[in-house]
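In what follows, a single structure is set out as structure tokens and then discussed.
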Amino acid sequence: MTATEWITDAALILVVFRQLREGRLDRKTFLLPLAIVAFVAYSYLDTIPTGGNDLVLVAALMAIGAVLGIAGGVYTRIRALDGQLLIKAGAVSAILWVVGMGARMGFQVWVEHAGGADDVARFSLTHHITGQQAWVAAFVLMALTEVVTRVATIYVRSRMHKALHPVAVLDRAA
């Protein structure tokens, strides 16, 4: 793994750890993780291979990312205080986030440094996955899906909270 990959993976993990402390739900809550995954997608996602079972691999990892992201968003507490919405990632949310990010990092370290490349090559041949770019695309899209679904879930929940508790939100305007 390159230094950039370590930094971006660590930054994504720190985004949720930062939310272990309750803080204000604002644009930065949404934009920071989206900017990080946009950078990762731009840097590593050249193409999405479609040969063999590449799309099956991509879809499977994206589905895992969606499950982790939605669950992480559901297990993030949102509450109103003094006319502002506050957010706090719960332990389950943080664990799910670390599991998703850690699995990608662990897979990459295993393939690059722990002899996993031969196992992945055999698996790829057996399951008609065309090569390394399919794995890269699948893991990048898994991360992107996890972040987008988590942020979207938090956004939807925050809108629902405002709709159910309009007095708390209107107090801020007064």
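Listed values for the stretch 27-33 are Karplus-derived 3J(HN,Hα) couplings in whole Hz (6.51 cos²θ - 1.76 cosθ + 1.60, θ = phi - 60°), namely 4, 4, 4, 8, 6, 4, x, and x replaces Gly and Pro. Amide H contacts of Tyr75 (H built 1.01 Å from N, in plane; Pro and chain starts excluded): no residue 5 or more places away or on another chain comes under 5 Å.
Amide H contacts for Ala80 (H built 1.01 Å from N in the peptide plane; partners 5 or more residues away or on another chain; cut-off under 5 Å): Leu86. Considering only the Cα atoms of the stretch 36-92, their convex hull presents on average a projected area of 5.7 nm². Radius of gyration (Cα atoms) of the chain, expressed as a multiple of 2.2 N^0.38 Å: 1.18. Evaluated at q = 0.19, 0.21 Å⁻¹, a Debye calculation over the C-alpha positions of the stretch 42-131 (equal weights, vacuum) places log10 I(q)/I(0) at -1.02, -1.12.
When the solvent-accessible area of the chain is split by element, carbon and sulfur atoms take up 68 percent of it, the probe being 1.4 Å. Under a 5 Å amide H cut-off, with hydrogens placed 1.01 Å from N, Asn53 pairs with Ile129, Thr130 among residues at least 5 apart or on other chains. Counting only protein heavy atoms and a 1.4 Å probe, the stretch 1-84 has 57 square angstrom of accessible area per residue.
The values are calculated or read from the model by the stated rules, or taken from the named source; none is laboratory data. Quick caveat: nothing in here was measured; it's all calculated off a predicted structure. What goes into the accessible areas is simple: the full protein's heavy atoms, side chains included, and nothing from ligands, DNA or RNA. Shrake-Rupley method; radii C 1.70, N 1.55, O 1.52, S 1.80 Å.
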